[in-house]
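Q: Have a look at this one.
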Amino acid sequence: MVMAQSYCYWSVADGRYASMMERCVASARSAGVFKEFHVFTDTPIEDCECYDCQSVADTKGMFKLVYLKAGMRKLLFDHFVWIDADTLFKRNPWGVLSPLERSPVHVPLTPFGKVARQDNNGSAAAPRYSELLTQAGVYNPVHDCNAAFWIIRRDAIDRVHDLALHFLGVTKQAGYPATQNEALGYAMQMLCADPNKHL
C-alpha cells in the first residue's frame with residue numbers, strides 16, 4: 001500500500017512564468033529544501049514534476065481552483081502548498097504546515113486597513129469586498145488575504161472549491177466579480193474558527 005506523503009509544493013507556470021519557477025526551485029534547493037515541486041506548465045522545468053498546462057482561458061482567471069480540483073487531488077500527498085512562480089527561498093522553512101493548526105486550509109489573512117489594497121483584475125475595492133464577505137456568511141471580523149502562498153489539506157479540496165465558487169456567484173450577482181484570491185480568502189474565513197491564527 002502506498003502511503004500519502006506529507007506535502008509538496010505546487011504552482012502553475014506557463015510562458016514567462018516557467019523561468020521564474022525554475023529560479024524558485026533553484027533557490028529552494030540552495031536553501032536546503034528538497035520537497036517535490038509539481039508544476040502545470042507548457043515547457044519542461046528543471047527539478048520539477050511537470051504536467052501539461054491545458055488552456056484555462058474560459059475560467060475567468062480561476063486557474064488555481066481549476067488545477068487544484070482537476071489535477072492536484074490525484075496526487076498522493078496529505079497537503080498541497082501553493083507558491084507563486086516568482087517566490088524565492090532564502091532558507092529552509094521550518095514547520096511549513098504549522099499555520100494550518102486545525103484548519104483544513106491556510107490562506108494568510110490581513111485585517112482590512114492594515115495594508116493599502118489595490119484594485120486589480122477587476123476585483124472589488126476593499127470596502128465592497130468586506131461587505132460581500134459578510135453578505136456571503138463570514139461572521140467573524142472579515143479580513144483581506146494574500147494567496148501568493150497557501151496550504152490546503154487534500155480532503156478539503158472539494159469543500160474549498162465549492163465555497164470559492166459560491167462566493168464568485170455572490171459577487172457576480174452583486175456586480176463585483178471577485179478574483180480567485182478573494183474567493184480563496186472567503187473559503188478560508190468560512191472554514192477557520194479564529195482568523196487571528198492565520199494572520
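Q: Expressed as a whole percentage, what fraction of the accessible surface of the chain belongs to carbon and sulfur atoms when a 1.4 Å probe is rolled over the protein heavy atoms?
A: Carbon with sulfur: 52 percent of the solvent-accessible area.
Q: Ignoring ligands, DNA and RNA, how do Trp94, Trp10 rank by accessible area with a 1.4 Å probe, largest first?
A: These residues rank, largest area first, as Trp94, Trp10.
Q: Whenever you get a sec, line up His38, His161 from highest to lowest accessible area (probe 1.4 Å, protein heavy atoms).
A: His161, His38
Q: Could you compute how much accessible surface Tyr17 exposes when probed at 1.4 Å, giving the result in Å² to the nearest 10?
A: 90 Å²
Q: Taking a 1.4 Å probe, which of Lys172, Lys90 shows the most accessible area, and what order do the others take after it?
A: Largest to smallest exposure gives the sequence Lys90, Lys172.
Q: What accessible surface, in Å², does a 1.4 Å probe find on Ser6, ignoring ligands, DNA and RNA and rounding to the nearest 10?
A: The accessible area comes out at roughly 50 Å².
Q: Let me ask something else about it. Any idea of Met20's accessible area? Nearest 10 Å², probe 1.4 Å.
A: The value for Met20 is about 40 Å².
Q: Quickly estimate the mean residue ellipticity at 222 nm for the chain, helices only: each DSSP H run with n ≥ 4 gives -39500 (n - 2.57), and the total goes over all residues, rounded to 500.
A: -9500 deg cm²/dmol
The values are calculated or read from the model by the stated rules, or taken from the named source; none is laboratory data. Small disclaimer: the values here were computed from a predicted structure and weren't measured. Quick note on the areas: whole protein, heavy atoms, side chains included, nothing else; ligands and nucleic acids left out. Shrake-Rupley method; radii C 1.70, N 1.55, O 1.52, S 1.80 Å.
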